[in-house]
Amino acid sequence: MRRGRLTLIIIVCALAAFGLVGLWVAGDSLSTPVNHPVGAPPADLLVRSVEFASESGSTLRGWFLPGREGRGAVVLMHGVRADRMSMVGRARFLNAAGHAVLLFDFQAHGESPGRRVTFGHLESRDARAAVRFVRTQLPGERVGVVGVSMGGAAALLAEPPLEADAFVLEMVYPTLEEAVADRLRMRLGTWGGQLSPLLMWQLRPRLGVGAEQLRPVERVASVPAPKLFIAGAADRHTTLEESRRLFGAAREPKELWVVEGAAHTDLHAASREEYERRMLDFFAKTLHLK
């Protein structure tokens with residue numbers, strides 16, 4: 001009996017150790033840089049290749065499209081493990097409407113070097129550098145930001161707040177803890193969320209930042225500019241309840257659009273006509289010079 005109990009204890013301990021090693025490996029994989037060649041820009045976009053320094057320590061690479069005077073500029077900020085190519089569709093219709101547009105790769109993404117993906121921490125410094133770059137290129141123009149998921153988190157986490165005149169925030173998680181727990185539940189079932197603290201513990205030794213510093217919900221109230229929040233009704237990565245909580249924490253002026261049936265996906269592709277109409281109306285109100 002004692003031998004059987006000892007064997008059981010050994011098996012449980014071995015499984016626990018194996019699980020911890022698996023979570024450590026998973027944490028390493030999630031923060032590993034995703035650098036790769038982005039390729040040539042689409043032929044129909046008359047872009048200028050640009051690069052500019054960021055306080056993240058990276059030199060950010062991107063494309064800049066000039067617009068019409070007085071129509072304002074828009075900085076496009078992609079999601080985690082993506083790159084500027086994921087924002088080309090948005091750049092196309094925004095530029096056709098006269099907006100200047102900057103697409104760029106966050107540090108450790110695409111063609112911008114970096115040691116680790118930091119889920120909005122260092123990327124917030126990239127967001128500040130991108131807005132500063134556009135203001136240098138187009139003094140006197142109003143500047144808007146479109147941030148998707150991590151891109152929106154980076155825009156909100158910037159300190160001091162970004163000097164932008166309007167924000168579109170798509171599928172942005174209120175806290176990184178919830179974002180991780182949501183993804184664990186999706187993959188492992190309802191109990192998977194209980195493992196979130198074991199991944200959160202890895203943040204400081206890996207990235208030099210704590211989970212308490214990656215809470216957009218605690219920063220959104222510091223952004224005075226008009227904000228358009230967009231959420232997918234069927235999103236499980238950032239639930240509708242979480243999106244509504246982030247929206248509730250923001251100050252006016254603000255508006256929320258829920259895309260029916262949409263998950264954590266490209267919301268532009270999910271509802272193209274309405275997305276473009278709402279985006280252009282929002283930026284016409286906030287960026288066009290009278």
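What is the antiparallel percent of DSSP beta bridges lying wholly in the stretch 87-241, to the nearest 5? Close to 10 percent.
Dipole magnitude for the stretch 103-173: about 180 debye, using +1 per Lys or Arg Cβ and -1 per Asp or Glu Cβ, origin at the Cα centre. Here the Debye sum runs over all C-alpha atoms of the stretch 101-183 as equal scatterers in vacuum, and log10 of I(q)/I(0) at q = 0.11, 0.12, 0.23 Å⁻¹ comes out as -0.29, -0.34, -1.15. Each of MET77, ALA181, PRO41 was scored by the projection of its Cα onto the charge dipole of the chain, and the greatest displacement toward the positive side belongs to ALA181; charges sit on the C-beta of Lys, Arg, Asp and Glu. Each stretch of four or more DSSP H residues adds -39500 (n - 2.57); spread over every residue of the chain, this sum gives -12500 deg cm²/dmol at 222 nm.
Only Lys, Arg, Asp and Glu carry charge here, each on its Cβ (+1 for the first two, -1 for the last two); on that basis the stretch 39-194 has a dipole of about 220 debye about its Cα centre. The residue among LEU199, MET150, LEU214 whose Cα reaches farthest toward the positive pole of the charge dipole of the stretch 137-274, with charges on the beta-carbon of Lys, Arg, Asp and Glu, is LEU199.
Extending 7 Å from the Cα toward the beta-carbon at both THR190 and ASP281 defines two label points whose distance is 4.0 nm.
Please name which of PHE133, GLY261, ALA97 has its Cα lying farthest along the dipole of the chain towards the positive end, using unit charges on Cβ (Lys, Arg +1; Asp, Glu -1) and the Cα centre as origin. Toward the positive end, the furthest listed residue is GLY261. Working note: Karplus 6.51/-1.76/1.60 with θ = phi - 60° gives the stretch 140-147 the couplings x, 8, 7, 10, x, 10, 10, x Hz, where Gly and Pro are set to x.
In a simple Cβ point-charge model (Lys, Arg +1; Asp, Glu -1; nothing else charged), the chain has a dipole of about 640 debye relative to its Cα centre. The alpha carbons of the chain occupy a box of 84, 35, 34 Å along the principal axes, longest dimension given first. The simple spin-label model puts a point 7 Å past each Cα toward its Cβ; for PHE93 and ARG68 those points are separated by 1.8 nm.
Quick note: the coordinates plus some simple rules give every number you see, no bench work behind them. Computed from a prediction, not measured in an experiment: that's the story for all the values here. Because the Cβ atoms are built from the backbone with ideal geometry, glycine has one as well, and the counts that use them run over all protein chains shown.
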